[in-house]
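The values are calculated or read from the model by the stated rules, or taken from the named source; none is laboratory data. Fair warning: this is a prediction, and the values are worked out from it, not measured in the lab. Note that we place each Cβ from the backbone using ideal geometry, even for glycine, and neighbour counts take in every protein chain shown. To get the accessible areas, we keep the full protein, side chains included, count just its heavy atoms, and leave off ligands, DNA and RNA. Shrake-Rupley method; radii C 1.70, N 1.55, O 1.52, S 1.80 Å.
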Amino acid sequence: MSFSVETKTSSYKLPLILAIMVHAILIWFIFTNVELAVPTPVAQKRQKPVDIVKAVAVNQAQVEDEIAKIKAGQQQKQQRQAAQQRKLQKLAQQAAQARAKEQARLKQLKAEQAKLQKLQAQKQRAAEKRLADLKKRQAAQQQSLAKLEKQQAVAATENAKQEALAKQQAAQAQQKKIAQQEAAKQAAEDKAATQARAQELQGVVNKYAVMIKQSIEQRWIIPDNINKDMSTKLQVRLAPGGTVVDVRVITSSGDTRLDRSARAAVFKASPLPVPSEPQMFDRFRVLNLTLRPEGVLTSST
Amino acid sequence: MIRQSKRFLQRCAVLSLLTYLFLFSVPSQAELNLELTKGIDRALPIAVVPFAGQARDASNSDTKQAQQNIAATIQSDLQHSGRFKVTDPQSIKRFPHTADGINYRYWQKLGVDDIVVGNVEPAGIGKVKVSFDLIDVYGKAKTGPGGSNYLLASKEFVVKKSDLRRLAHHISDIVYKELTGKAGIFSTRVAYIVVQRTQGKPPQYLLEVSDFDGYDPHVLLHSDQPIMSPAWSPDGKELAYVSFEKKHAEIYVVDVASGKRRLVTSYPGINGAPAWSPNGKQLAVVLSKGGNPRIYTIDLATNKVTVVTRGWSIDTEPSWAPDGKSLLFTSDRGGSPQIYRVNLANGKIARMSFNGSYNASASFAPDGQEIVMLHKNGGLFNVALQNLHTGTFNLLTNLGQDQSPTMAPNGSMVMYATRFGGRGVLAVASTDGRVQMRLPARNGDVQEPAWSPFLS
């Protein structure tokens, strides 16, 4: 609708404007003839208007003549103008028509073009759509592929994981077994070592125990008139090297003579034979001695 | 990582197990337990430090002063008991006189178990104050709460100077009792016969009593006729003896303190070998009034005589068992002199000696477990000790001319007569065989010793 309105207004505009312009120019000529008698440098400068002015401005006489002529001619001119106007109008009409025609053609063209464009757009859209579809499909495909791959990957990793796990478990089991064996072996070795050490220690302890026993017995003067069933229990503390530091009567025999004889014997035997190795000696730091006068050493002199 | 941590855990487990074992097994092993069942049979080493206020060197024992030297007397007593090894006084370089001034290390290094220290100081006219301490030189060490048992005896006396030797014997008794568990015999006395032979004169017979070590002799009887077989009453106040003063044997009892005496038996023939019953109410004697010598008992209150042994053998030298229920005697009923025992209740007789062809003069040890006797072997007479339970038979002497063994009241020594330097002397031997000692010679032949009981 808007198209049609625009077209109607524009069809009268051009001839109207032309007519107004012509009238304006003519009026301007009339009122500016005198002043324009002296050419001005400015006019020289102006090329196009000069042409127009030259043709019109001559001299006063001429002007009056002209004016008369013009006045004469004005009628003509008016007539001409009217004719012209009519011609112009006609032209305008024709132009408008042509313009309308043209516009219609243009419109058609435009429409065609639009149509074409539309078609093209449609085509393009379709193509685009197809492309998009394709792309979409491809994407989808790729997606699914990726998904698949992913799944496969997941599956693979899962597999790998499980395998690894199984392997690990197997390895762990194996390790456990080995570790257990090692532990058992270690324990056995430790036990054997401990036993060996204990046996060695016990051997040393026994050796020195016998020596200590002999050392004290050889100095133990059994008191006269003593009950052979009595016994004295002493606790002896030794310093490294076997020096007797302290002797305590833990359980008296009931006869102080026996207690004293036992204590004196221990002191006399100081330093007692003990191993020099500190760890071994530790076993000899405290001795619990039971002295029971059951008999007399026959070898003593 | 896993492997390591696993191993670590296992190590930890093993360690903790070992620790557990260690913790629970070690405490029982930490202290070593030893059992000692044998010792040595040896004289106790002892030092008797010269008492302050007395001479340190008492080696010249003939002087009165030396005889009153307490340390020297104690040294002699202990040494001759056989139970002690007395340190040579010359090696003593320190002279403490109380327990306070003791350097224990010094005495331990000197090799003694105990020491006797003391002090003598004037206490008025003719009197002295004597104190002594008996110290265990190993007793000063820590022995737990109240561990001051190093001081085994500590006493103080005030005596006349003339009694110093007797006091020394008394101190010896205290020391001996403390260290051996038995009463000492150092205050006991001995009775014996001295025969003095002077050329051109009849022999003189003396009944004497002296300290057990022969010092301080006192003449109880003097006779130009034989005196024999002195025997102590159980209370030590009387002596029975055989006298020939009336040209035949008679048995008398004499009061030691007063010298008063009384006749007990005067039967025809032999009246000999009196022996007091443990309760002091009877005498066992040898009488030949029935023909051959036999054992009789006499009730001292009634003078009633009871025959104990019968037969045609010679029975002599009766000796009472400590329980008074049996007698030992010497008899030739087996062909040669041997020791027999007669049960006083039922008259049963058992032979006791089986070693050799001659055993005589037997007497019981105070515990009744042993008998001492004179044993002849190859012409040598020695003193022997026989254990009635184990049958062991040990010679205590080896001089070969020994006679008349008599046992000390604590059974630790035997005194006997022997010969030395051409005359009869007394000697003692410890019953453990360690020591033999001659008593100081008297002016004459000394015979037939009789050891007194404990004298209060």
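Given the criteria loosely packed, with under 12 Cβ neighbours inside 10 Å and in a helix (DSSP H, G or I), does A:A164 qualify?
Against the criterion (loosely packed, with under 12 Cβ neighbours inside 10 Å and in a helix (DSSP H, G or I)), A:A164 does not qualify.
So B:G181 ticks every box in (1) among the small types (G, A, S); (2) under 22 Å from B:F51 (Cα atoms); (3) at pLDDT below 90 but one. Which box is left unticked?
With respect to (1) among the small types (G, A, S); (2) under 22 Å from B:F51 (Cα atoms); (3) at pLDDT below 90, B:G181 is out only on (2).
How about the stretch B:440-455: which of its residues are under 15 Å from B:S187 (Cα atoms) and either surrounded by 17 or more Cβ atoms within 10 Å (Cβ to Cβ) or free of Cβ contacts under 8 Å to residues at least 40 places away in the same chain (or both)?
Within the stretch B:440-455, B:A450, B:W451, B:S452, B:P453, B:F454 meet the criteria.
Could you list, in sequence order, the residues of the stretch B:283-295 that are open to solvent by less than 10 Å² (accessible area, probe 1.4 Å) and under 17 Å from B:G311 (Cα atoms)?
Once the filter is applied, which keeps residues that are open to solvent by less than 10 Å² (accessible area, probe 1.4 Å) and under 17 Å from B:G311 (Cα atoms), the stretch B:283-295 yields B:V285, B:V286, B:L287, B:I295.
Against the condition open to solvent by less than 20 Å² (accessible area, probe 1.4 Å) and not hydroxyl-bearing (S, T, Y), how does B:L388 come out, does it pass?
So B:L388 fails the test.
If I filter the stretch A:245-263 for residues that are in a loop (DSSP other than H, G, I, E, B), more than 9 Å from chain B (Cβ to nearest Cβ) and open to solvent by 30 Å² or more (accessible area, probe 1.4 Å), do I get at least one hit?
Yes; the residues of the stretch A:245-263 include at least one that is in a loop (DSSP other than H, G, I, E, B), more than 9 Å from chain B (Cβ to nearest Cβ) and open to solvent by 30 Å² or more (accessible area, probe 1.4 Å).
How many residues does the stretch B:189-217 hold that are surrounded by 14 or more Cβ atoms within 10 Å (Cβ to Cβ) and free of Cβ contacts under 8 Å to residues at least 12 places away in the same chain?
0
Taking the stated definitions as given, is B:S336 of a type in the set (S, T, N, Q), within 20 Å of B:P234 (Cβ to Cβ) and open to solvent by less than 50 Å² (accessible area, probe 1.4 Å)?
Against the criterion (of a type in the set (S, T, N, Q), within 20 Å of B:P234 (Cβ to Cβ) and open to solvent by less than 50 Å² (accessible area, probe 1.4 Å)), B:S336 does not qualify.
Please go through the stretch A:170-198 and pick out each residue that is more than 11 Å from every other protein chain (Cβ to nearest Cβ) and hydroxyl-bearing (S, T, Y).
none
Please go through the stretch B:255-282 and pick out each residue that is open to solvent by less than 60 Å² (accessible area, probe 1.4 Å), more than 24 Å from the chain's Cα centre (by Cα) and over 13 Å from B:I298 (Cβ atoms).
B:G259, B:G269, listed by residue number.
Among (1) free of Cβ contacts under 8 Å to residues at least 24 places away in the same chain; (2) surrounded by 22 or more Cβ atoms within 10 Å (Cβ to Cβ), there is one condition B:L328 misses while meeting the rest; what is its number?
Tallying (1) free of Cβ contacts under 8 Å to residues at least 24 places away in the same chain; (2) surrounded by 22 or more Cβ atoms within 10 Å (Cβ to Cβ), B:L328 fails exactly one: (1).
Quick test for you: out of B:E208, B:E156, pick the one residue that is farther than 20 Å from B:V425 by Cβ, within 27 Å of the chain's Cα centre (by Cα) and either at pLDDT 95 or above or charged (D, E, K, R) (or both).
The match here is B:E156.
Report yes if some residue within the stretch A:213-220 is assigned to a helix (DSSP H, G or I) and more than 7 Å from every other protein chain (Cβ to nearest Cβ); otherwise report no.
Yes - at least one qualifying residue is present in the stretch A:213-220.
List, please: which pairs have Cβ atoms under 7 Å, are six or more places apart or on different chains, and start with a residue in the stretch B:339-356 that is without any contact (Cβ under 8 Å) to a residue 12 or more places away in the chain and end with one that is among the acidic types (D, E)?
none
Run A:S270 past the list (1) open to solvent by 30 Å² or more (accessible area, probe 1.4 Å); (2) more than 9 Å from every other protein chain (Cβ to nearest Cβ); (3) over 22 Å from B:R42 (Cβ atoms) and report the number of the one that doesn't hold.
(3)
Give the residue that is modelled with the lowest pLDDT, with candidates limited to residues of the stretch B:309-325 that are open to solvent by 20 Å² or more (accessible area, probe 1.4 Å) and over 15 Å from B:S361 (Cα atoms).
B:G311
For the stretch A:282-301, what are the residues that are surrounded by fewer than 18 Cβ atoms within 10 Å (Cβ to Cβ) and either more than 7 Å from chain B (Cβ to nearest Cβ) or within 11 Å of A:V244 (Cα to Cα) (or both)?
Scanning the stretch A:282-301 gives A:D282, A:R285, A:V286, A:T298, A:S299, A:T301.
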